[in-house]
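Taking it in order: structure first as structure tokens, then the write-up.
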Amino acid sequence: MNGKQDKSVPFNQRRSFWISILLLVLLIAGLHYYNVFNRQHAKIPPLPVVLATAASEDVPVYLDALGNVIPTYSVTVRTQINGLMMRVLFREGQMVKKDDVLAEIDNRPYLAQLMEYQGQYERDKAQLANALIDLKRYQTLWKQDSVSQQTLATQQALVNQLEGTIKLDQGLIETTKVNLIYTRIIAPMDGRIGLRLVDPGNFVQTSDTSGIAVLNTVNPITVIFTVAEDNIPAILQAMSKNKELPVEALDRQKNRHLANGKLLTIDNQIDTTTGTVKLKSEFQNEDNQLFPNQFVNIRLLVQTLHQATVIPTAAIQHGTKGNFAYVLNQNQTVSIKPVVTGVTIDDHTVITSGISPGQRVVTEGADKLREGAAVVNASVSLS
């Protein structure tokens, strides 16, 4: 009998232990369910957000590129004759007009040379006149059989020789007159002249490669820029539809608008080392905001999207399943709307699918939102 009692005591203890464990599990489960129930039914205050209204507007599509300002024409002004530089008549950096006198070379040697050639011309002309008189006399005498044919032929050759000498003298005179014109170095075009490279008193020669100054055309002026070869079809299509594609020039930081221009042409080949193609644009540059060799940012207008849906870029959220935005409902809650985005212009993005004009989207405070969340202060409109 004592043996049976010894076996029953441990069994009762084990049963009490397992009952206690079960009660503890039920208690924990009940507390968890109570907390979840309270959280689900607790009233969460509306979250403050900033909203904007989706708009429908025409959106310009630009290609951004880096460009370098190039003068329309650039001329190194050189002397056409050898001589002593007497005067420099331009100021460095001055805007000059075509045919303005820039410098003068000593013309005295050429004046003396002109006088010499004119003297030779007068002498040879007198000799020719005398030879013509003799020729006429010999022709009469030959008809009278008073002189030989050889004498007549010799006189005719002398006349021909003197006529050639006259032409030579005239050529030397004209050459000297041209050289006298070259003693005044004139501007070949309108533009801005650079720093003076030769001072008065120096002997200049036609072999000097540096010249006396560099003259650049800056009104109008051009900009060379490059775009990726993938953009060529869009550019060619835009050029076929529009005679002139607008081009904007911005400063290095893209903070200041410098000038408006037009696209002139596209290069005829792609640079295979960079995968880019060069384009040239022209700017009137009336206020001289563009300067030769200046670095600028270029915006080329290739397309205009008419009546496109636009929202602030800040409203677009990025998730594992794609882009989405929080859209305000009539009951002041928000819903998650998947969106398909287009081009981004400044701080706004075109929405091709998912949002309609007039809908309001969250631009600030979206990090704390979820589907169906209540919001407040939804009053900011897209400007």
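What pairs come out if I take residues in the stretch 140-162 that are within 14 Å of residue 130 (Cα to Cα) and pair them with residues that are outside any loop (DSSP other than H, G, I, E, B) and small (Gly, Ala, Ser) whose C-beta lies under 6 Å away, six or more apart or interchain?
Final answer for the pair search is 158/131; 159/131; 162/131.
Just wondering, is there one or more residues in the stretch 227-239 that are touching a residue at least 12 places away in the same chain (Cβ under 8 Å) and in a strand (DSSP E or B)?
Yes, the stretch 227-239 contains at least one residue that is touching a residue at least 12 places away in the same chain (Cβ under 8 Å) and in a strand (DSSP E or B).
Would you pick out the residues in the stretch 346-361 that are buried (at least 17 other Cβ atoms within 10 Å of the Cβ) and among the β-branched types (Val, Ile, Thr)?
349, 350, 351, 355, 361
Exactly one of (1) part of a helix (DSSP H, G or I); (2) touching a strand residue (DSSP E or B) at 6+ places or on another chain (Cβ under 6 Å) is unmet by residue 192. Its number?
Only one criterion is unmet by residue 192, namely (1).
Restricting to the stretch 285-327, what's the tally of residues that are in contact with a helix residue (DSSP H, G or I) (Cβ under 6 Å, 6 or more places away or on another chain) and either closer than 30 Å to residue 224 by Cα or open to solvent by 60 Å² or more (accessible area, probe 1.4 Å) (or both)?
Residues that pass the stated criteria total 1.
Quick test for you: out of 247, 204, pick the one residue that is within 30 Å of residue 179 (Cα to Cα), open to solvent by less than 30 Å² (accessible area, probe 1.4 Å) and of a type in the set (Val, Ile, Thr).
Working: 247 fails: within 30 Å of residue 179 (Cα to Cα).
From the options 247, 204, the qualifying one is 204.
Residue check, residue 184 against (1) free of Cβ contacts under 8 Å to residues at least 12 places away in the same chain; (2) out of contact with any Leu (no Cβ under 8 Å at 6 or more places or on another chain), all met but one. Which one?
Only one criterion is unmet by residue 184, namely (1).
Kindly provide the set of residues from the stretch 293-308 that are farther than 13 Å from residue 235 by Cα and within 12 Å of the chain's Cα centre (by Cα), ordered by number.
Matches in the stretch 293-308: 293, 294, 295, 296, 297, 298.
The conditions are (1) modelled with pLDDT of 95 or more; (2) closer than 16 Å to residue 281 by Cβ; (3) crowded, with 19+ Cβ neighbours inside 10 Å, and residue 215 fails exactly one of them. Which is it?
(2)
Could you check, for the stretch 46-58, whether at least one of its residues is more than 30 Å from residue 342 (Cα to Cα), modelled with pLDDT under 90 and not polar (S, T, N, Q)?
Yes, the stretch 46-58 contains a residue that is more than 30 Å from residue 342 (Cα to Cα), modelled with pLDDT under 90 and not polar (S, T, N, Q).
Identify the single condition in (1) without any contact (Cβ under 8 Å) to a residue 60 or more places away in the chain; (2) in contact with a strand residue (DSSP E or B) (Cβ under 6 Å, 6 or more places away or on another chain); (3) charged (D, E, K, R) that residue 243 does not satisfy, given that it satisfies every other one.
Status for residue 243: all satisfied but (2).
Inspect the stretch 133-147 for any residue being within 60 Å of the chain's Cα centre (by Cα) and open to solvent by less than 50 Å² (accessible area, probe 1.4 Å) and give the result as yes or no.
Looking for residues that are within 60 Å of the chain's Cα centre (by Cα) and open to solvent by less than 50 Å² (accessible area, probe 1.4 Å), one finds none in the stretch 133-147, hence no.
Within the stretch 79-106, count every residue that is buried (at least 18 other Cβ atoms within 10 Å of the Cβ) and in a loop (DSSP other than H, G, I, E, B).
Residues meeting the conditions: 3.
Condition first: closer than 27 Å to residue 59 by Cα and in a strand (DSSP E or B). Can you find one or more residues in the stretch 364-378 that meet it?
Taking every residue of the stretch 364-378 in turn, at least one turns out to be closer than 27 Å to residue 59 by Cα and in a strand (DSSP E or B).
The values are calculated or read from the model by the stated rules, or taken from the named source; none is laboratory data. Keep in mind the model is a prediction, meaning the values are calculated, not measured. Cβ sites come from the backbone with ideal geometry, for glycine too, and all protein chains shown count toward neighbours. Keep in mind that these areas ignore ligands, DNA and RNA; they rest on the heavy atoms of the full protein, side chains included. Shrake-Rupley method; radii C 1.70, N 1.55, O 1.52, S 1.80 Å.
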